[in-house]
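Below is one structure, written out as structure tokens; comments come after it.
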Amino acid sequence: MSGDGAYAPADRSASRESSGDARVDAALGRLDELAGRPVAEHVEIFEDVHQRLQDVLVSADQEGEPA
């Protein structure tokens, strides 16, 4: 943090471990965009991440269903 009181968020993408699923990693990667956006735009990103993660869960359920 600088001495002028400005907040500089850490780069989370470098420290984030892979989930093992590229779709989940891509969804979580959108969270890195929050730092550069006004708070009013955060909801759109959160909703997109939420929808992407829900889609992954639905597809996992469908893949696991017996034939």
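Computed from the coordinates by the stated procedures, all read-outs in this text should not be read as laboratory data. Being a predicted model, the structure only gives us computed values, none of them experimental. We place every Cβ from the backbone using ideal geometry, glycine too, and count neighbours over all the protein chains shown.
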Subject >> Relative exposure of Val43, Val49, Val24, judged by other C-beta atoms within 10 Å (fewest first) >> reply: Val43, Val24, Val49
Subject >> Calculated log₁₀ intensity ratio I(q)/I(0) where the Debye formula runs over C-alpha points of the stretch 22-64, q = 0.29, 0.30 Å⁻¹ >> reply: -0.96, -1.00
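Quick check on the exposure proxy: order Asp21, Asp32, Asp61 from fewest to most C-beta atoms within 10 angstrom. Show your work: numbers first, answer last.
Working: Asp21 12, Asp32 15, Asp61 9.
By the 10 Å Cβ count, ascending: Asp61, Asp21, Asp32.
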**OP:** Give me the number: length gained by fully extending Gln62 to Asp25, i.e. 0.36 nm times residue separation minus the C-alpha to C-alpha distance, one decimal in nm.
**Re:** 11.3 nm
